[in-house]
Amino acid sequence: MAKSPPPMLLSILLFLIPTHRVNGESSTLESVPDLEKAMYLNLEAYACVRLLNLSGEIGCSNPGRGKVVAPISRLKDAQDQLAGARALLVPLAEMRSFFHRVSNDPHFAKNIAGVLVDSTGPQKILAGFSPAEKFPQAEFAPYRDLSYGWNLAGSGIMRNHYNFPVFLLSEESTSMVQETVATNEKSKNAYPVGVAEFDLAMQTTNAGTRDSESCLRERTCLPLGGYSVWSSLPPINVSSLESPKPILMVLASQDSASFFRDKSLGADSPLSGLIAMLAAVDALSHVDGLDEFKKQIVFAVFTGEAWGYLGSRRFLHELDLSADAVNGLNGTMIEQVLEMGSVGKGFGQGATTFYAHLQGDSSARKEILSAFQTASNSLGSDNVNVKAADESNPGVPPSSIMSFLRKNSSVSGVVLEDFDTSFANKFYHSHLDNPSNINSSSVAVLVARAIYVMASGRSPLDLMTLNSIKVNVSMVEELVGCLLTCDPGLSCDIVKNFISPSSSCPNHYVGVFLDSPSDTEHPQYATDTSRFVWNFLAEKTSTPKNNLSSCTGECSNSYEVCIGAETNGGRCVISTTRYIPAYSTRLKFEDGSWHVMPVDASDSMGAVDPVWTESFWDTIGVRVYTVQSSSYDRLILVAGVILTVSSYIAATYIRNYLSKALKRD
């Protein structure tokens, strides 16, 4: 493999090549960094990284410690043969069949030095692209039919491991690589040749720690995890002596997954459900008489659900422990669970239709479905329909409710989805699940009114109040722009009113849990999305205070929280809103490191918990440059040596000449 030129050779080249052209204009090379910029094209690209579980590893990595360099070729067809090690430019439409061949053809796979995925091209030819399984996380299902195909577009390629680097190129970088490939093809890969240099060395690969238990022990990885959020409407008075009300829990997820770590938007699955929930919370916050409801409404936004239902399982575990993170909640009082699933594709054929996937006690299920039908009827001409999902389905689709049902099979739950028997989202857990993949925002008002019907318990129903519940449509549109785009992204007004985001571009990959869970009011490592959701829910579910007080983090009363603490406008409000750590129930942080614990008999899902971790790495990147033949390199080296020696001789001669001339004077 060719190697990058050493700094000494770069200095020599700077002497030999005084000018270069950029975009057709002559430009002077004044330093070694200028020369490096002229020689190397650093690509904007998104990496597939190495993840591990108790059974092994998935994802991508360089095969060793060093960088990988190879000539770039175009993969025109998934059946192409390779002559020697190559960095392949793979069309998106061929990605599924290509990785299937890699897994089934070792001779083909050994010649792959790296993969660059072309992000452009006619995406219309894609009938669907989902790198997840046909039944995602089937091992957690509360029923026996684990072969059911919820995700018909699923290929499962993101759950395999690849011993070479893989990057998704941006549109601009794709154009650069296409030019390099065209040049290589024109010269029939003769020197000079365009090569890609991959920097994707994973510490778990280098250390030989090939599963979660060994890499945690050797400290070459960290567990996946983050912080979920829950909030009650109205706030819970933990000091009250009154009997607690039955709880209606409303769930959503905030994390997604993708073949490429930092391109995990999840517009339909699951962010459409989260956005609908936030809009419903806002609508319900304007309803009077919440204290008189028969049920306590509790909203929960879980993270880590794409990787073993980390958030929902940890939430239930914290309830069992009566931990501070769930102070005020009694798990035995959870009567009904409503989950906002994928609801971004409900519009079709002039109407909007959603499906209620029901499980649990039949009378409670009828009550939930009746509430949705009442809410639907109240919308009149808006033509938003809710139907019970097909009874031939094996049970609820992949969702957080599975954690609740595995914990307590008597819990009555419904998952509201935009599909009946299989996912409508053809890009589930794909980087293509972006804002263009959703078409409906009308579900929020339906959900808000259904929650009112279920929680109020009023008979007869107050139709005037029901019909007054409306959703702020402009806020829904703003949330889509904030959470699913880079412009404005997390720099939008509604987010910056609460937090100072670390980046404008949102990414809903769960991330890693760095160390021991910190306090649940101001965790140190909560993501931008978690912190925004916490602040949003804390404000919308709060009750008015007589005296507003400013704050920078802490409030004087235990029943108050400080919202907007990261901005200059921090203020204390009365709200029961908490962070909950989300990481595997099989893990414990002790003596400065993470440990995998034996299966607890009380943890019904612990035996099937994969315990996902992510490998450490130093740097990640990919760049393109041109290399000459070894004989050309030797010629340049010889020329450089001659130039250096000649310069030394000339300098010595001139110094001696001047010295003699000065002595004569």
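If 637, 89 are ordered by their accessible area, calculated over protein heavy atoms with a 1.4 Å probe, which sequence runs from highest to lowest? Walk me through the intermediate numbers first.
On the way: 637 90, 89 5 Å².
From most exposed to least exposed: 637, 89.
List, in order, the whole-Hz ³J(HN,Hα) value for each residue of segment 316-327 obtained from phi through the Karplus relation with A = 6.51, B = -1.76, C = 1.60 and θ = phi - 60°; use x for Gly and Pro.
5, 5, 5, 4, 4, 7, 6, 6, 4, 4, 10, 4
Can you give me the long-range amide H partners of residue 434? Hydrogens built in the peptide plane at 1.01 Å from N, cutoff under 5 Å, separation of 5 or more residues or another chain.
267
Where a ≥ b ≥ c are the square roots of the eigenvalues of the C-alpha gyration tensor, would you call segment 420-515 rounded, which needs a/c under 1.5, or, failing that, prolate if a/b is larger than b/c, or oblate?
prolate
Quote to one decimal, in nm, the extra length available between residue 390 and residue 81 on full extension: 0.36 nm per residue of separation minus the C-alpha distance between them. Please list the in-between numbers first.
On the way: separation 309, 0.36 × 309 = 111.24 nm, distance 4.60 nm.
Additional length available on full extension: 106.6 nm.
Suppose each label sits 7 Å from its Cα in the direction of the beta carbon; what would the residue 608-residue 491 distance come out to in nanometres?
Spacing of the two 7 Å Cα→Cβ label points: 4.5 nm.
Using a 10 Å cut-off on Cβ atoms, rank the peptides 411-418, 81-88, 549-556 from the highest mean neighbour count down. Display every interim value, and only then the final one.
Working: 411-418: 25.5, 81-88: 16.5, 549-556: 13.2.
Per-residue Cβ counts within 10 Å, averaged per peptide and sorted highest first, yield 411-418, 81-88, 549-556.
Between residue 74 and residues 5 or more places away or on another chain, which pairs have amide H atoms under 5 Å apart, with H built 1.01 Å from N, and which residues are they?
Those lying under 5 Å, H to H, from residue 74 are 89.
If you stretched the chain out fully between residue 556 and residue 516, how much longer would it get, using 0.36 nm times the residue separation minus the C-alpha to C-alpha distance?
Full extension from residue 556 to residue 516 adds 11.8 nm.
Give me the one-decimal nm value for the distance between modelled label points at residue 288 and residue 619, 7 Å along each residue's Cα-to-Cβ direction.
Calculated label separation equals 6.4 nm.
Once ligands and nucleic acids are excluded and a 1.4 Å probe is used, how much of residue 292 is accessible, expressed in Å² to the nearest 10?
In the full protein context, residue 292 sits at about 130 Å².
Rounded to the nearest whole Å², what accessible area per residue is found for segment 469-545 with the 1.4 Å probe? Don't skip to the answer; put the middle values down first.
Working: 3160 Å² over 77 residues.
Ligands and nucleic acids excluded, the result is 41 Å² per residue.
Over the chain, with every protein chain in place, what whole percent of the accessible area is carbon and sulfur at 1.4 Å, could you tell me?
Details: 14760 of 29370 Å².
So the carbon and sulfur contribution to the accessible surface is 50 percent.
If you filter segment 457-508 for trypsin sites (Lys or Arg not before Pro), then keep DSSP loop positions with at most 13 other Cβ within 10 Å, what is left? Kindly include the intermediate steps, with their values, before the conclusion.
On the way: sites: 458, 470, 496; in loops: 458, 470.
Answer by residue number: 470.
As a test of the formula, what do you get for the chain when each DSSP H run with n ≥ 4 contributes -39,500 (n - 2.57) and the sum is divided by the residue count, at 222 nm and rounded to the nearest 500 deg cm²/dmol? Kindly include the intermediate steps, with their values, before the conclusion.
On the way: 17 runs with 193 residues, N = 665.
It comes out at -9000 deg cm²/dmol, rounded to the nearest 500.
Could you tell me which of rounded, prolate or oblate describes segment 225-583, using a ≥ b ≥ c as the square roots of the eigenvalues of the alpha-carbon gyration tensor, with rounded for a/c under 1.5 and, failing that, prolate when a/b is larger than b/c and oblate otherwise? Let's see the in-between values first.
On the way: a/c = 1.33, a/b = 1.11, b/c = 1.20.
Verdict is rounded for segment 225-583.
Can you give the FRET efficiency to the nearest 0.05 for residue 599 and residue 143, using r as the Cβ-Cβ distance and R₀ = 22 Å? Let's see the in-between values first.
Working: r = 21 Å, r/R0 = 0.96.
After rounding to 0.05, the efficiency reads 0.55.
Grab segment 225-583 and count how many Lys pairs have their alpha-carbon atoms under 13 Å apart, sequence gap of 8 or more, or different chains.
Values: 245/294; 245/295; 345/426; 366/387.
Number of lysine pairs found: 4.
Based on DSSP, what percent of beta bridges with both residues in the chain are antiparallel, to the nearest 5?
On the way: 58 of 95 bridges.
Bridges in the chain are about 60 percent antiparallel.
How much solvent-accessible surface does residue 227 expose, in Å² to the nearest 10, with a 1.4 Å probe and all protein chains in place?
10
Nearest 0.05, what FRET efficiency do residue 525 and residue 652 give at R0 = 56 Å with Cβ-Cβ as r?
Numbers: r = 61 Å, r/R0 = 1.09.
For R0 = 56 Å, the calculated efficiency reads 0.35.
Suppose each label sits 7 Å from its Cα in the direction of the beta carbon; what would the residue 543-residue 37 distance come out to in nanometres?
6.0
Return the FRET efficiency for the residue pair residue 421, residue 262: r is the Cβ-Cβ distance, R0 is 56 Å, and the value is rounded to the nearest 0.05.
0.95
Measuring from centroid to centroid over Cα atoms, what is the spacing of segment 40-100 and segment 480-510 in Å?
30
Could you give the length gained by full extension between residue 377 and residue 183, i.e. 0.36 nm per residue of separation minus their alpha carbon distance, to one decimal place?
Working: separation 194, 0.36 × 194 = 69.84 nm, distance 6.32 nm.
Extra length from residue 377 to residue 183 when fully extended: 63.5 nm.
With Rg and the Kirkwood Rh both taken from Cα atoms, where does Rg over Rh land for segment 287-375?
Working: Rg = 16.1 Å, Rh = 16.0 Å.
When Rh is taken as the Kirkwood radius, the ratio is 1.01.
The values are calculated or read from the model by the stated rules, or taken from the named source; none is laboratory data. All figures in this text were calculated on a predicted structure; none of them were measured in a lab. A quick note on method: Cβ atoms are made from the backbone with ideal geometry, for glycine too, and the neighbour counts reach across all protein chains shown. Side chains are part of the model used for accessible areas, which takes the heavy atoms of the whole protein and leaves out ligands, DNA and RNA. Shrake-Rupley method; radii C 1.70, N 1.55, O 1.52, S 1.80 Å.
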